[in-house]
1. Which helices, counted as full DSSP H runs in the chain, have an axial Cα extent of no less than 24 Å and a Kyte-Doolittle average of 0.5 or above?
2. Can you figure out the FRET efficiency of ASN293 with ARG208, using R₀ = 22 Å and their beta-carbon distance, to the nearest 0.05?
3. FRET efficiency for GLU172 and ALA192, Cβ-Cβ distance as r, R0 = 35 Å, nearest 0.05?
4. Given labels modelled 7 Å from the Cα in the Cβ direction, how far is it in nm from ILE26 to ARG82?
5. Among all stretches of the chain without exposed GluC sites (Glu not before Pro) (DSSP loop, at most 13 other Cβ atoms within 10 Å), which one is longest?
6. Assuming 1.002 mPa s and 20 °C, estimate D for segment 134-241 with Stokes-Einstein, Rh taken as the Kirkwood radius over Cα pairs, in µm²/s.
7. Only counting other Cβ atoms within 10 Å, I'd like THR73, THR48, THR240 sorted with the fewest neighbours first.
8. Among PRO296, VAL193, THR58, which residue has its Cα positioned farthest towards the positive end of the charge dipole of the chain, with +1 placed on the Cβ of Lys and Arg, -1 on the Cβ of Asp and Glu, and the dipole taken about the Cα centre?
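Values in this text are rule-based calculations from the coordinates and carry no lab data. Fair warning: this is a prediction, and the values are worked out from it, not measured in the lab. Positions of Cβ are backbone-derived with ideal geometry, glycine not excepted, and every protein chain shown enters the neighbour counts.
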Amino acid sequence: MIDPERGGRTVCVFAPAKINLYLHVIGRRCDGYHELDSLFAFAGVGDTVSAAPARDLTLSIDGPFADGLKMETDNLALRAARGLLELAGVNQGARLTLTKRLPLASGIGGGSVDAAAALRALMMLWDVAPDPQAMADLALELGADVPICLQGRAAFASGIGEISTPCPFLPEAWLVLVNPGVAVSTPAVFKAVAGAFSKPDPFFETPRDAVELAELLARRRNDLTSLAIGLAPEIGDVLTALGSCPNLLLARMSGSGATCFGLFANKVEAIKAAAKIKAGHPHWWTAPAFLLNRAPSPTSGGF
Ligand code: C5P
């Protein structure tokens, strides 16, 4: 489809919420970053980044959570775009639009998945494919989990979150994501890490269904949970509310919070649980979504 303004195509990329199905903190590096063992996956709810041809590089933001970002002087998606422009020696711009549906500073990778989506959209729009290692380096400069978001595949993460190892295929399962509307600072949560570290615990068996996945995850944790609850006690309320939902298989926090997820075997149970939580807490952000092994590919041609 022709872009009405510029006579070119628009590339649209879905930026799915990233979910840490478990997250063990296994050490601390000399530079203060923490070493992790985590299972990253994605959810069928997210932001959208679109890129249309333009002479200059610009970003406009819309969607239900746009307001919190409009105050920012330097958005991560725009920084990603500038980085790619330089890396690929591109001599044109792009009109980027970010539709922000995920709550901000919420442990489901909003900034990281948007940056990764901007890179994927612009690689397609500008028809460039820089060396994969250079792309991974650029992604890591933007944030520890941007490389895995750029890869867009469920995986075990190690290092500070940037090294990915393939994980077994994840079964059909549904999530209910719940955020109490409290922004949690990732550096503040990591700063509170003290005491003994966990051991890495990736698994090799392929869970046949959501029940088996829940069993595997139940033996693992998110080590940041109690620290995040110390900063934002509402996270405890979210976990309690998820815990009261019929047919819940497992409830955990994602990343450094405050978003938590409930795991369900099917869509009907997830939708019922989301409705129950929404009824009790109308101001919380609540979203049922399927569990994704892969972020969808960019689509070209407008929407
Ligand atoms: O790289 P990113 O911007 O996601 O990290 C934000 C902050 O979170 C870092 O500055 C660091 O304080 C903390 N962090 C950490 N260990 C990690 C990832 C993040 O300590 N693996």
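1. In the chain, no H run is both long and hydrophobic enough.
2. E between ASN293 and ARG208, to the nearest 0.05, is 0.90.
3. Calculated value: 0.45.
4. The two pseudo-label positions are separated by 3.5 nm.
5. Answer from the scan: 73-171.
6. 132 µm²/s
7. Ordered by Cβ neighbours within 10 Å, fewest first: THR73, THR240, THR48.
8. Of the options given, the answer is PRO296.
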